[in-house]
1. Could you look through the range 1-57, keep only residues that are modelled with pLDDT under 90, β-branched (Val, Ile, Thr) and open to solvent by 60 Å² or more (accessible area, probe 1.4 Å), and pick out the one that is farthest from Leu72 (Cα to Cα)?
2. For a quick check of your reading of the model, give me the residue pairs whose first member lies in the range 48-70 and is without any contact (Cβ under 8 Å) to a residue 40 or more places away in the chain, whose second is outside any helix (DSSP H, G or I), with beta-carbon atoms closer than 7 Å and at least 6 apart or on different chains.
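The values are calculated or read from the model by the stated rules, or taken from the named source; none is laboratory data. Keep in mind the model is a prediction, meaning the values are calculated, not measured. Please note: Cβ atoms are built from the backbone with ideal geometry, for glycine as well, and neighbour counts cover all protein chains shown. Keep in mind that these areas ignore ligands, DNA and RNA; they rest on the heavy atoms of the full protein, side chains included. Shrake-Rupley method; radii C 1.70, N 1.55, O 1.52, S 1.80 Å.
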Amino acid sequence: MTASHLLVPVPIPDRVAALIGSCIPPHILQAEFDADCAAREVRRFRGPRLGVEDQADREQALSELARANKTLAAHHPGLAVLPGSPF
């Protein structure tokens with residue numbers, strides 16, 4: 001039995017990633033890309049004192065993340081991306 005926190009991420013060869021990507025509908029791949037970008041953007045705007053523009057940008061990124069997660073969760077509930085997740 002292995003503990004999931006002890007597993008080391010292994011890089012996937014490009015051909016394998018292309019094969020996996022060819023099996024997933026294009027709108028799901030786009031939603032995954034959008035969710036990942038939005039989650040990175042949300043992590044950029046952290047801290048107790050954000051300016052008005054930064055708060056607006058963070059809210060925009062959160063709405064984009066929610067929109068992408070809605071598409072991903074409709075395909076498979078385990079695909080949703082959290083703002084603080086490392087993946």
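1. Filtering first and then ranking leaves Val52.
2. Qualifying pairs under 7 Å: Asp54/Phe45; Asp57/Phe45; Arg58/Phe45; Arg58/Leu50; Leu65/Val81; Leu65/Pro83; Asn69/Ala80; Asn69/Val81.
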